[in-house]
1. Given the criterion within 16 Å of the chain's Cα centre (by Cα), at pLDDT 90 or above and either assigned to a loop (DSSP other than H, G, I, E, B) or surrounded by fewer than 19 Cβ atoms within 10 Å (Cβ to Cβ) (or both), identify the matching residue among Ser58, Ser73.
2. So, in the range 20-49, exactly how many residues are farther than 14 Å from His95 by Cβ and modelled with pLDDT under 95?
3. Of all the residues that make up the range 63-79, how many are over 12 Å from His95 (Cβ atoms) and among the aromatic types (Phe, Trp, Tyr)?
4. With the checklist (1) outside any loop (DSSP other than H, G, I, E, B); (2) modelled with pLDDT of 95 or more; (3) not small (Gly, Ala, Ser) in hand, flag the one item Asn81 doesn't pass.
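The values are calculated or read from the model by the stated rules, or taken from the named source; none is laboratory data. Quick caveat, the model's predicted, so the values are computed rather than measured. Cβ: placed from backbone, ideal geometry, glycine included. Neighbour counts: every protein chain shown.
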Amino acid sequence: MAATRRRSAAITLVLAGSLSGCSEPEAQRDVYTNVADCRKDWNNAADCTNVNDGRHSSSYFYGPRYFGSSYPSGRPKASANALEATPAGRGGVTHLAGNARPGSSSAGSSVSRSGFGSSAHSMSSGG
């Protein structure tokens, strides 16, 4: 009987993952129509600064730069009281997103991640 060559799907997945552009995450900033909404999300007036870059009205406020979640399109998700979130470039991040924000009432909650883990199974045709 001739030996048949078997290929591993894992190699294909590793290569596909390395081609997907794994790079340094990009920071984002939330945009607020007033300083009170910014304070609700960040609990510190010093974290809220006037917009002065021409991207939004000069009466609006930016929250601090942070790494947050994004929609599948790549557009950043805004915090609860924000008008929207905008990309803020790389580096200079002073806060964490979500439950890890300073002063957040849910700062002690756990994080759940999906994906392969203990539930993944290995299957073989045995031949």
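1. Numbers: Ser58 fails: within 16 Å of the chain's Cα centre (by Cα).
Result of the check over Ser58, Ser73: Ser73.
2. So the count comes out to 7.
3. Here is the first cut: in the range 63-79, the ones over 12 Å from His95 (Cβ atoms) are 69-78.
From what is left, the residues that are among the aromatic types (Phe, Trp, Tyr) are 71.
Final tally of qualifying residues: 1.
4. It is condition (1) that Asn81 fails.
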